[in-house]
């Protein structure tokens, strides 16, 4: 099976959110194949369906969006690799899908000598008692959207604006902080693509065939 790759570089959150919804509808109707969006966002906080008011600062000073995914509040911004798999679930097992996303990231960071793992009751990727990546998905007509956020060279101070996933902000870490040096973002992205292909047993097509039915994203140059 083939999955189209949309590598969007850095884009504002609302544009990519709208693109996700267009792709979900197109995938539900069989107009496009499964698609993996990879992107860096401008600074933004997103609120999942389980967000509690006490997990938000009164003065966030960056845009906030209430979205469809599960989970609580989280932050997206530069230096963070965000992935949105728009995939038709032929076996309706959301827990298994989340497990596979975790495995993609565990394998990817493992290639850089970072030993990631899971923590019961807390979806995402953990290194000891620190959270390296968050996962929150939504499903419409058995098509997945939203996805994962891997902190590569992320400015972790922005997590102080919220209680990410209901956790103490100091729980959040990044590859840069764990290793003590910055990572080449494209190298990490390439490893995530390779891991996604292997874990989901798909081939990745960079041509994105069939996407002409979906409106283009207009973002920053």
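Quick one: what pairs do we get from the range 170-193, first residue within 15 Å of residue 133 (Cα to Cα), second at pLDDT below 95, C-beta under 8 Å, 6+ apart or different chains? Matching pairs, first to second residue: 171/164; 172/159; 172/164.
Do we find a residue being touching a strand residue (DSSP E or B) at 6+ places or on another chain (Cβ under 6 Å), exposed (fewer than 13 other Cβ atoms within 10 Å of the Cβ) and either assigned to a helix (DSSP H, G or I) or modelled with pLDDT of 95 or more (or both) anywhere in the range 200-214? Yes, the range 200-214 has at least one match. Every condition in (1) at pLDDT below 80; (2) under 15 Å from residue 163 (Cα atoms); (3) in contact with a strand residue (DSSP E or B) (Cβ under 7 Å, 6 or more places away or on another chain); (4) surrounded by fewer than 20 Cβ atoms within 10 Å (Cβ to Cβ) is met by residue 59 except one, and the failing one is (3). Scanning the range 158-175 for residues that are outside any loop (DSSP other than H, G, I, E, B), out of contact with any strand residue (DSSP E or B) (no Cβ under 8 Å at 6 or more places or on another chain) and more than 18 Å from residue 46 (Cβ to Cβ) yields one hit, 170.
Only a single item in (1) surrounded by fewer than 22 Cβ atoms within 10 Å (Cβ to Cβ); (2) out of contact with any helix residue (DSSP H, G or I) (no Cβ under 7 Å at 6 or more places or on another chain); (3) under 30 Å from residue 28 (Cα atoms) is not met by residue 167, and it is number (3). Checked against the criterion of being modelled with pLDDT of 90 or more, under 14 Å from the mean Cα position of the chain (by Cα) and surrounded by fewer than 20 Cβ atoms within 10 Å (Cβ to Cβ), the candidates 8, 36 yield just one match: 8. Tell me which of these residue 154 doesn't satisfy, since it passes every other one: (1) within 21 Å of residue 99 (Cβ to Cβ); (2) assigned to a loop (DSSP other than H, G, I, E, B). Residue 154 satisfies all of (1) within 21 Å of residue 99 (Cβ to Cβ); (2) assigned to a loop (DSSP other than H, G, I, E, B) except (1). Number of residues in the range 114-133 that are without any contact (Cβ under 8 Å) to a residue 40 or more places away in the chain and more than 12 Å from residue 150 (Cα to Cα): the value is 7.
I'm trying to understand the selection: among the residues of the range 138-151, which are more than 17 Å from residue 177 (Cα to Cα) and crowded, with 22+ Cβ neighbours inside 10 Å?
If the condition is that a residue be more than 17 Å from residue 177 (Cα to Cα) and crowded, with 22+ Cβ neighbours inside 10 Å, then 144, 145, 146, 147, 148 are the ones that fit.
Determine whether residue 90 is modelled with pLDDT under 95 and under 17 Å from the mean Cα position of the chain (by Cα). No, not satisfied.
The values are calculated or read from the model by the stated rules, or taken from the named source; none is laboratory data. Since the model is a prediction, treat every value here as computed from it, not as a measurement. Please note: Cβ atoms are built from the backbone with ideal geometry, for glycine as well, and neighbour counts cover all protein chains shown.
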